[in-house]
Structure formats: structure tokens, C-alpha cells
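The structure appears right after this line, and notes come after that.
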Amino acid sequence: MTGVRVVVVGAGVVGLSTAVCIAESLPVCSVTLLAEKFSPDTTSDGAAGIVFAAPFPDIPLERQRRWFKDSFDHLLAIAQSQHAPDAGVILSSGWQIFKEVPATKEPYWSDLVIGFRAMTDRELKRFPDHKFGQVFTTVKCECSSYLPWLEERFRKAGGRVEQRRVSSLQELGDGFDLVVNCSGLGSKALVGDPGVYPVRGQVLQVEAPWLTHFIRDGDGKTYIYPGVHSVTIGGTRQEGDWRLHVDRGDSASILERCSRLEPSLKKAKVLGEWVGLRPSRRNPRVERERMLLQGRTSVPVVHNYGHGGWGVTIAWGTALDALGLVRQCLKEMPRAKL
Amino acid sequence: MRVAVIGAGVIGLSAAQSIYEQYHSIVSPLTIEVYADRFTPLTTSDGAAGLWQPYLYDKGKIQETKWNKETFDYLLNWLSSPEAVKMGIFLQSGYNLCTEPRPEPSFKDIVLGFRQLTERELQMFPGYNFGWFNTALMVEGKTYLPWLTDWLKKRGVKFYHKKIESFKEVRIWGAVDAPWLKHWIITHSTNGGVYNSPYIIPGSRLVTVGGVFQLGNWSEQNNSTDHENIWKTACRLEPSLKHARIVEDWAGLRPARSKVRLERETIQSGGSTIEVIHNYGHGGFGLTIHRGCAQETARLFGQIVTQKGKRPKARL
């Protein structure tokens, strides 16, 4: 089999991770990455990129753990290597705190991160409004560095990159043998998936180099994530909200909530504000199907979208999963044609 | 009363602060003057990486452990105030690495969240098979000393330039630009000595990379072979340092002694007596122990105040 023409739609963290996995593992494929937006204009770019997850209701736990573990181990290896600064991947320790003791004290990923344990009373004293907390070391993956770094890997593996807005998967039937759909929120229109919806998130970048730990409220709405050059503070979780412009009220609320957790933030200079729409779905869709595309009888399509606010966290794991589905598609391809 | 504080490093300035805090409303007038040959940013304290961490074992010097704890708790308390940034204090977690199992250090109950390293963590540091993780405080001399100086000047303490001699030990380190590092890493070698094994301590601006400790070396000139070695071993610990830009290098002299000398002495000079409180010999843990020693200094000052009958008389 030679020259299977694969197209990956979407150049966010999921699209690029999937494209790299395919290009590096399947030399028989010639891979093209098609997207309207590239870093620094993707949803992934504004994400703080701290790796931890929330469970999806309908995906078997073992599969979720595999997604998480594969991603975490992959990023940890980068953080421990000389590539860390280029790739924007670092180790990050900190605290997740809860105003009320949560039902699950040990989430499914607690043994997959490093040094996970409950906070001591002394550590909790710094957060008088909170009754319980978890402390651990995880990784932070800054997409504004990571995506260009992945793109470089993709090109080195022979991948081709093209800037183009795809309005319908129909357009792709002509030039490609296999379509990989990583279009995130775009899948709503591209694939006609009514289950895809935005969850608006606003963040501020502040200058506070004295902050070395992340602090996250278990409700997911208030968080402080120190990064390489700035600290990302947030946030909001507005379901069904498509607004991409900055909301002054949200900024004020973020500063107020975060300063309550970390008073030194009052002295921090605000460097910028950003809004992203988390490409949400009840569960991520990582599966394959055959579609009737223009000019062809049917073309295999592998979907990898709907990661919501957990894109960075499970990008590599779902990319590997998608790679497995691509392999299955290749097995089913008639050899005579190629 | 007239008090002369010799030395404007963290020990001198904090001692002046404690004496002022506790006695300015009791002794009137209370004149405090600081004399030193070097002021911030040229003192030994300014060159310190600023990590609060005592030597692993106090070898029976429980008084020093008590002063260390006092200092930690004092600084931790300040953390919740927005003033913390101006003081140069913040929390940072990190790793203490050893090549073999060791008894727990004297500071295990003082720092936050002290625990042994997991297998996974040890795999991150080839060559080390035992160690601990904890959250500690950073006290950056370059910020803390100006803050203390400001605090003292606002309250009328005067500063004077004067030359002094003392016994020291050299250490060499470099500062690199590596803002992606958020944990300190300290390694401990078994063949004795402290801080002669590589360490990496991220600060608020730059990362200190160091690890040479030679007793009795008077030279402040940088030694290039020492530099090479520190760099090589540090890069093995943290491969990403390969890309870090070296910004400064520094050879500093730590004021070492077998133990801290914190006691009174009465000196006869001409026909008069001078009361002296010694507070020196803090080696590589001056920032770590400063507050506890400063408070003890103030307590000893209190004894002098009582002896000289300088306390205000009780109204009967």
C-alpha cells in the first residue's frame, strides 16, 4: 500500500496532535493539515493548559484513564527534556480546593498525576473559605509554544500544511482517501452535530512572577495558573454563549474572585484579556464512520472532536486513539486501488 | 539608649527591626544606628538564592531549629498580606534529592506538605534514589533587604558606612534566565558538607544554579573549572537548562561558624562598659533563621534595658 492521502481538518491542539501521530507512525500516509485558523488564533492558544480532567458520563472509565495517562506521560517526558522551553511544557504543582467536601475525594486521574494527596490542615489555612483540598504535581502545556512545536514535528515527518476554510466535508472527497475531523466547535456545522455547543471562557494574563503554584477552585470557575512568562487567571463557564469579545464585567469578577484566593494578585499588572469558546459535547467523539462524499462511493472518516475544556489534557491520548481507528480504516482499504 | 548594629545584611537589619518593634515605646529615646561596609544590593544576603531551608540536620542545635521555625511561621503569616510581594516572599515547592535513604530533616514539621518522593518522581532524577518534596518559602534578599531598610529608615534608624573584617567560606553560583522552572531542586551528597552538590533554585526573576562550597577560601574571583562542573551536573538534573541564558555569575562568601553565636558580652573600654550582643555565624542559612535570631537579640536587649534601669517605672 502506498500513498494513502489523509487530510486532518483543524489545527488546534487536537488536530495537530492527531496529525503528528499519523504522520510519524504511518509512513504509508501522506498527511495534509487543513485549517482556517492556526496558532496563535486557535481556541487552544488561550487555554492555560493545565492537565487534569473531569469525567465524561458515557465513556468507559478505562478508556478515559488511557486517554489521560497517554497524554500525561507524553507531556511529562517533554517537560523533563531539553525541549521543555521550546515546546512550552512545564511541571506545575499546586492546589485544588473545595468549599464543600466533594463526593469524590480521589478523582479517576489521581494516581496518574504526581504525588497526589489531600491537603494538610496547615496548607488549607491559607484558604479560609475552603474545607478540603488536593495537592499534586501535574504538567502545563502552553499551546502558543506547543502548537508551533508540534507543527515543526509534523513537517519533519513529511506533513503538509494548508490554510483553508472547509465549509463542508464534501469538498474533501476529491483529493483525499481518508478524512480525520478535528474541527472542534466547527463540527457543529461541518458534520451537523447538534450535540456540539460552546462554553465561553474568559481569562486574564497578569504579571506575577512570584506565583509558582496553581490554585483552582473545584467548581472550575476560579483558577490561577502560573505559566512560563505570565499567570493566567480566570474564569467563566457560560454555556451556549458564542460571544468572542471581552466582557468587562467578567474581567472584574475574575480579578475579585482570584484576589480573594491570592491577595498578592492585587499588585499584579494585567497584561491582556482573552476569550475562548470551549468546543463542548456530552462526551468527546472519537470514532469512525463512512461518509458519502462528492465524487466517491464512501470515504472513511475518523472523528476526534468535542473535548470541551479538556483539549490539552487528553489531546495526545485521543490522538493515539484516533490513530488506532485510522489503522483500522487502512486495513479495510482495497489494496488494488493503491 | 543608643544602639549600634554592625552589619546590614539580613541579620543586622532584622535585629534592628526586632529591637525597634519591641522597645521603641518602652525606651525613650531609643537611637538605632546601622554600620556596615556593604549595603543592599552588595551584601551576602543579596546574593543568596533566597530559599528558606536549613541544613538537613541540626546536630543537636535545637535552639537553631526553634529560630528557623519562628522565621518560617513569621514569613508565612506575612504571605496573606499584599505586602508580601514588596517583601520578596512567596511560596515555592521542590525536591530534596539524596543518593541513599536518610533520616528525615530537622525542618520536616516546619515546612508545608512534607513527604517522601514517590517512585515516579525519583525516576525524573536519574542518579538519585531517595528524597523529599515539600512547599517552602522564598525570601529574596534583593527585595527583602530594601524593604527592611525602608521600614527602618521610616522609623528614624540611621545608616552609616564603615569597614569590617570576618571569617567566611566561598561559594560560586550562576544566575540564568529560565522562567519555565517552578520548583527548586537541591541535591545532597553523602560525602559530607553542605551545598557542594548541585542545586537549582528559581527566583522571581532568575534561576540560581550552584553548588561549590569550599571552607576557608578567601578568594572572591570566579573559578572557571568550578563553573564548568556546576553547569554540567545541573544540566544532568534539569536538561532544559541547556537552553537557559546565563545572566550573572557570582562568587560569594558565606559567614560560616560551627554554630550561630547569639549571646551577650560586656566589653570594658577605657573607663566605660559597652554591652555587646553577638548575632553572627549563620553560614548558608541566614535568611532561613533571621527572624528567630532577631527576636532573641531583642530579648537579650531587653535584659540590658532592665539592668540599666531604663524601663519606665510602674505607676503605683
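The values are calculated or read from the model by the stated rules, or taken from the named source; none is laboratory data. Values in this document were obtained by computation on a predicted structure and should not be read as measured data. As a convention, Cβ positions derive from the backbone with ideal geometry for all residues, glycine included, and neighbour counts pool all protein chains shown. With ligands, DNA and RNA removed, areas are computed over all heavy atoms of the protein, side chains included. Shrake-Rupley method; radii C 1.70, N 1.55, O 1.52, S 1.80 Å.
Using protein chains only (no ligands, no nucleic acids) and a 1.4 Å probe, work out which residues of the range A:247-263 have their accessible area cut by at least 40 Å² relative to the chain alone.
Residues of the range A:247-263 that lose at least 40 Å² of accessible area once the other chains are added: A:Pro263.
With a 1.4 Å probe on protein heavy atoms only, tell me which residues of the range B:80-95 lose at least 10 Å² of accessible surface in the complex relative to the chain by itself.
B:Ser80, B:Pro82, B:Val85, B:Lys86, B:Phe90, B:Leu91, B:Gln92, B:Ser93, B:Tyr95
With a 1.4 Å probe and all protein chains left in place, how much accessible area per residue does the protein assembly as shown have, in Å²?
43
Quickly estimate the mean residue ellipticity at 222 nm for chain A, helices only: each DSSP H run with n ≥ 4 gives -39500 (n - 2.57), and the total goes over all residues, rounded to 500. Write down the numbers at each step before the final one.
Details: 9 runs with 97 residues, N = 338.
My calculation for chain A gives -8500 deg cm²/dmol from helical runs alone.
Arrange the residues A:Tyr146, B:Tyr160, B:Tyr74 by how much accessible surface each exposes, largest first, with a 1.4 angstrom probe.
Values: A:Tyr146 5, B:Tyr160 90, B:Tyr74 35 Å².
Most to least solvent-accessible, the answer reads B:Tyr160, B:Tyr74, A:Tyr146.
When DSSP beta bridges are limited to those with both residues in the range A:4-337, what percentage is antiparallel, rounded to the nearest 5? All intermediate terms of the calculation are to be shown ahead of the outcome.
Values: 44 of 66 bridges.
Within the range A:4-337, antiparallel bridges account for around 65 percent of the total.
So how much accessible surface do A and B hide from each other in total, probe 1.4 Å, in square angstrom to the nearest 100? Spell out each step's value before the answer.
Details: alone 14990 and 15960 Å², together 27950 Å².
Protein heavy atoms only, the A-B interface buries about 3000 Å².
Taking only DSSP H segments of four or more residues, each worth -39500 (n - 2.57), what value at 222 nm results for chain B once the sum is divided by all its residues, to the nearest 500 deg cm²/dmol? Please report the intermediate quantities before stating the final value.
On the way: 8 runs with 95 residues, N = 316.
Estimated from H runs of four or more residues: -9500 deg cm²/dmol.
Jot down the radius of gyration and Dmax of chain B, Cα atoms only, both in angstrom.
Both quantities, over Cα of chain B: 20.5, 73 Å.
Work through the residues other than A:Val270 whose Cβ is under 15 Å from its Cβ and net out their charges, Lys, Arg +1 and Asp, Glu -1. Before the final figure, lay out each step's value.
Numbers: positive: A:Arg248, A:Arg257, A:Lys266, A:Lys267, A:Lys269; negative: A:Glu207, A:Asp247, A:Asp250, A:Glu256, A:Glu262, A:Glu273.
Residues near A:Val270 contribute -1 overall.
Assign unit charges at the C-beta atoms only (+1 for Lys and Arg, -1 for Asp and Glu), then state the dipole size of the range A:4-337 relative to its Cα centre in Debye, rounded to the nearest 20.
Values: 43 positive and 37 negative charges, 40 e Å.
In debye, rounded to 20, the range A:4-337 gives about 200.
Can you grab the distance from the C-alpha centre of the range A:283-321 to the C-alpha centre of the range B:76-118, Å, no decimals?
Centre-to-centre distance over Cα atoms comes out at 45 Å.
Please work out how much length the chain gains when fully extended from A:Val101 to A:Lys267, using 0.36 nm per residue of separation minus the C-alpha to C-alpha distance, in nm with one decimal. If you can, show how the numbers build up before the last one.
Values: separation 166, 0.36 × 166 = 59.76 nm, distance 3.11 nm.
Length gained between A:Val101 and A:Lys267: 56.7 nm.
What stretch of chain A, leaving out the sites themselves, is the longest with no GluC sites (Glu not before Pro) in a DSSP loop having at most 16 other Cβ atoms within 10 Å?
On the way: sites that count: A:Glu36, A:Glu100, A:Glu332.
After excluding every exposed loop site, the longest remaining stretch is A:101-331.
If I model the range A:4-337 as equal point scatterers sitting on the Cα atoms and use the Debye formula, what is log10 I(q)/I(0) at q = 0.08, 0.10, 0.15 Å⁻¹?
-0.37, -0.58, -1.24
What residue among A:Ala35, A:Gly201, B:Trp151 has its Cα farthest toward the positive end of the dipole of the protein assembly as shown, where the charges are +1 on Lys, Arg and -1 on Asp, Glu, each on the Cβ?
Of the listed residues, the answer is B:Trp151.
Of all accessible surface on chain B at a 1.4 Å probe, what whole percent is carbon and sulfur? Mind dumping the intermediate values first?
Numbers: 7500 of 14470 Å².
Looking at chain B in its full context, I get 52 percent from C and S.
Quick one: what do you get for the protein assembly as shown if you divide its Cα Rg by 2.2 N^0.38 Å?
Values: Rg = 29.4 Å, N = 654, 2.2 N^0.38 = 25.8 Å.
After normalising by residue count via 2.2 N^0.38 Å, the value is 1.14.
Quick one: if the Förster radius is 22 Å, what FRET efficiency do A:Ser25 and A:Leu292 give, using the C-beta to C-beta distance and rounding to 0.05?
Values: r = 28 Å, r/R0 = 1.28.
Once rounded, the FRET efficiency stands at 0.20.
Need the per-residue list for the range A:218-232: every residue with at least 20 Å² less accessible surface in the complex of protein chains than in the chain by itself, probe 1.4 Å, sorted by number.
A:Val228
If you put +1 on each Lys and Arg Cβ and -1 on each Asp and Glu Cβ, how big is the dipole of the protein assembly as shown around its Cα centre, in Debye rounded to 20? Intermediate results must be reported in sequence, preceding the final value.
Values: 81 positive and 66 negative charges, 256 e Å.
Result for the protein assembly as shown is approximately 1220 debye, rounded to the nearest 20.
Where does the charge balance sit around B:Glu64 when Lys and Arg score +1, Asp and Glu -1, over other residues with C-beta under 12 Å from its C-beta? Walk me through the numbers before you get to the answer.
Details: positive: B:Lys59, B:Lys61, B:Lys66, B:Lys69, B:Arg257, B:Lys259, B:Arg261; negative: B:Asp58, B:Glu70, B:Glu296.
Here the count lands on +4.
Dividing the alpha-carbon radius of gyration of the range A:260-338 by 2.2 N^0.38 Å (N being the number of residues), what value is obtained?
Values: Rg = 20.6 Å, N = 79, 2.2 N^0.38 = 11.6 Å.
For the range A:260-338, the normalised Cα radius of gyration comes out at 1.78.
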